[in-house]
Amino acid sequence: MTFVDEAQVHVKAGDGGAGAVSFRREAHVPRGGPDGGDGGNGGDVWLVADHNVSSLLAFRDHPHRRAGPGAHGRGAGRHGRAGGDLVVPVPQGTVVRDHRDGSVIADLAEPGQRWRAARGGQGGRGNARFLANRRRAPSFAEQGEVGEEAYYDLELKLMADVALVGFPNAGKSTLIATISAARPKIADYPFTTLEPHLGVVRFGDEDFVVADVPGLVEGASEGRGLGHRFLRHIERARVLVVLVDLGEDAGRPPDLQERVLLEELGRYDPALLERPRLVVGSRADLEPPGGVPGWPAGAPRVSAVTRVGVGELVAAMAARVGAARRAEPAPAGEVVVVHRPVEEGVTVARSDDGGFVVLGRPALRAVALNDITTPDALEYVQRRLKRLGVDRALARAGAREGDVVHVGDFDFTYEPG
């Protein structure tokens, strides 16, 4: 299966259903009054972290996700049904970014965490809701609200207990294939691994997850060799295992390999250098007679081919993973993952034509009627906008009599109250 760790998604929440304009019409019931039902709310689109989903492959060819619309209201007080929510599973560790500026909006790091990517439109109220002492036969109803629509960038950061870090062809893929059931592509040339692989390792009664991260190159922290795409999969690992190549064809001494790898990790994220780590010599079966300069005879070494040192390495991994898990604080209730700003109320701004524009969901709902031209509808809109403080906001913004005021799709002439 192809591993995809970057994708885009387009989400569209369901539109709300329109309220109905209806009057009770029955024999022997004079002036039955309004009985138009409300429209149903549109469905939301939710992204949910699911540990059974391993990559973002599902979004590569099918990036669009749409929730169900709400049904329109009907006469006799019959309300429209709500649109169904759409739950979209994403891999655990998915980061959601704003498509426009790249800012992080949500981080779904734990299984079951949910984030509402698009809110469904509110259903419109039927004319029965507008009955009042001064308005005995309202001939208008609310339109349904349009559901939210947006593009987001999805980025996957693997959730692993141990990350294997090393230069290309350092033996990482062979090692993870030896200690787990993972079967990455293995060959005797650099850059065989172009995507990360996860393997579950059992030691005693405990399991832990090991990630085989594609080989780093010098300059990876600056993006060289797709460095940023590879390095981000290390960010969440509890323990780092730095593999230095002991083979005769390694090209550089082990101590230099270690120094360069740690420098790249530190440049990308200094916090990575504070993680528990093991530094191990790999491909020990290819070590030249007499050892390798720069790597002491008693230093840890492993060969996935001959299995020399593999048991000791797994035991050391398990011990450090267990210590890291115990040191982590217990979850403090529900984890907040949403970084979206709090919605604003009603605001007034200058428009391009020299007039004013009223912004904000409450103001837009006030004018979202099926027919705003009737006297009772216009009177309702004026009273509603006044209660929202639009008159005061326009006065503070410098509006004068005769100025054009835009609210949604409608234009009004400002008259000081």
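The values are calculated or read from the model by the stated rules, or taken from the named source; none is laboratory data. Please read all numbers here as calculations on a predicted model, not as lab measurements. Cβ atoms come from the backbone with ideal geometry, glycine included; neighbour counts cover every protein chain shown.
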Any hit, the range 48-59, residues being crowded, with 21+ Cβ neighbours inside 10 Å, modelled with pLDDT under 95 and not in a loop (DSSP other than H, G, I, E, B): yes
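Does residue 270 satisfy the condition of being over 15 Å from residue 162 (Cβ atoms), surrounded by fewer than 20 Cβ atoms within 10 Å (Cβ to Cβ) and within 32 Å of the chain's Cα centre (by Cα)?
On the way: over 15 Å from residue 162 (Cβ atoms): yes; surrounded by fewer than 20 Cβ atoms within 10 Å (Cβ to Cβ): yes; within 32 Å of the chain's Cα centre (by Cα): yes.
So residue 270 passes the test.
With the structure loaded, tell me whether residue 32 is under 19 Å from residue 121 (Cβ atoms) and assigned to a loop (DSSP other than H, G, I, E, B) or whether it fails that test. Break it down stepwise before answering.
Working: under 19 Å from residue 121 (Cβ atoms): no; assigned to a loop (DSSP other than H, G, I, E, B): yes.
Spelling it out, it is not the case that residue 32 is under 19 Å from residue 121 (Cβ atoms) and assigned to a loop (DSSP other than H, G, I, E, B).
Taking the stated definitions as given, is residue 15 part of a loop (DSSP other than H, G, I, E, B), under 17 Å from residue 141 (Cα atoms) and not aromatic (Phe, Trp, Tyr)?
Working: part of a loop (DSSP other than H, G, I, E, B): yes; under 17 Å from residue 141 (Cα atoms): yes; not aromatic (Phe, Trp, Tyr): yes.
Considered against the rule, which asks whether it is part of a loop (DSSP other than H, G, I, E, B), under 17 Å from residue 141 (Cα atoms) and not aromatic (Phe, Trp, Tyr), residue 15 comes out as yes.
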If we scan the range 242-257, do we find a residue that is under 42 Å from the mean Cα position of the chain (by Cα), surrounded by fewer than 14 Cβ atoms within 10 Å (Cβ to Cβ) and in contact (Cβ under 8 Å) with a residue 12 or more places away in the chain? yes
Given the conditions (1) assigned to a helix (DSSP H, G or I); (2) at pLDDT 85 or above; (3) of a type in the set (D, E, K, R), report the number of the one that residue 232 does not fulfil. (2)
Take residue 28 and decide whether it is within 24 Å of residue 119 (Cα to Cα) and not assigned by TED's automatic domain parsing to the domain that holds residue 198. no
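Okay, residues lined up against (1) basic (Lys, Arg); (2) outside any loop (DSSP other than H, G, I, E, B); (3) within 14 Å of residue 36 (Cβ to Cβ); (4) over 31 Å from the mean Cα position of the chain (by Cα):
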site	(1), (2), (3), (4)
121	no, no, no, no
140	no, no, yes, yes
144	no, no, yes, no
153	no, yes, no, no
158	no, no, no, no
164	no, yes, no, no
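Can you say whether residue 256 is in contact with a strand residue (DSSP E or B) (Cβ under 6 Å, 6 or more places away or on another chain) and not in a loop (DSSP other than H, G, I, E, B), as far as the supplied structure shows? Reasoning before the result, please.
Working: in contact with a strand residue (DSSP E or B) (Cβ under 6 Å, 6 or more places away or on another chain): no; not in a loop (DSSP other than H, G, I, E, B): yes.
For residue 256, the condition - in contact with a strand residue (DSSP E or B) (Cβ under 6 Å, 6 or more places away or on another chain) and not in a loop (DSSP other than H, G, I, E, B) - is not met.
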